[in-house]
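These notes are about the structure you will find just below.
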Amino acid sequence: MIETSIKLRMGQHDAHYAGNLVDGAKMLNLFGDVATELLVRYDGDEGLFRAYDSVEFLAPVYAGDFIEAKGRIVSVGKTSRKMEFEAWKYISPNTKAGETAADLLEEPILVCKASGTCVTPKECQRVEH
């Protein structure tokens, strides 16, 4: 099936809680962007996000962290597209080493995973399969 990913640095403006903690909703925002790209690639249309079946927040995300959000279509109906998503932290600031120091993590950390369903109305599907 189709897979895609986006990479983004969490900025200071993304931090909403003490200690520069980023709201988990930011990961869902990234998953929405990944879903849109998947639908454009598969159907030639942005479609609509119908519902999340499952969302798990597994590790904290802070301002300055670099996140890679990945998604894939795992099954297809007439108009529905079942998708799975993961968000991985792969770079983190290292303020102990200096104001501008950061570390490439030896192993990326899975910070969030989710699954959901998107819908592309039949009349909007422009790609033949």
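The values are calculated or read from the model by the stated rules, or taken from the named source; none is laboratory data. On a predicted model such as this, the values are computed, not experimentally measured, just so you know. Cβ: placed from backbone, ideal geometry, glycine included. Neighbour counts: every protein chain shown.
Determine whether region 96-112 contains at least one residue that is in contact (Cβ under 8 Å) with a residue 40 or more places away in the chain and either over 19 Å from I6 (Cα atoms) or buried (at least 17 other Cβ atoms within 10 Å of the Cβ) (or both).
We begin by selecting, within region 96-112, every residue in contact (Cβ under 8 Å) with a residue 40 or more places away in the chain; these are 108-112.
Pick out the ones that are also either over 19 Å from I6 (Cα atoms) or buried (at least 17 other Cβ atoms within 10 Å of the Cβ) (or both) and you get 111-112.
Checking region 96-112: at least one residue is in contact (Cβ under 8 Å) with a residue 40 or more places away in the chain and either over 19 Å from I6 (Cα atoms) or buried (at least 17 other Cβ atoms within 10 Å of the Cβ) (or both).
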Just checking, does region 42-56 include any residue being within 16 Å of E3 (Cβ to Cβ) and in contact (Cβ under 8 Å) with a residue 60 or more places away in the chain?
yes
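Quick check on this structure: which one of D65, D45 is at pLDDT 95 or above, surrounded by fewer than 17 Cβ atoms within 10 Å (Cβ to Cβ) and not aromatic (F, W, Y)?
Values: D65 fails: surrounded by fewer than 17 Cβ atoms within 10 Å (Cβ to Cβ).
Selected residue: D45, the only one of D65, D45 that is at pLDDT 95 or above, surrounded by fewer than 17 Cβ atoms within 10 Å (Cβ to Cβ) and not aromatic (F, W, Y).
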Give me a count of the residues in region 48-57 that are closer than 16 Å to W88 by Cβ and loosely packed, with under 14 Cβ neighbours inside 10 Å.
1
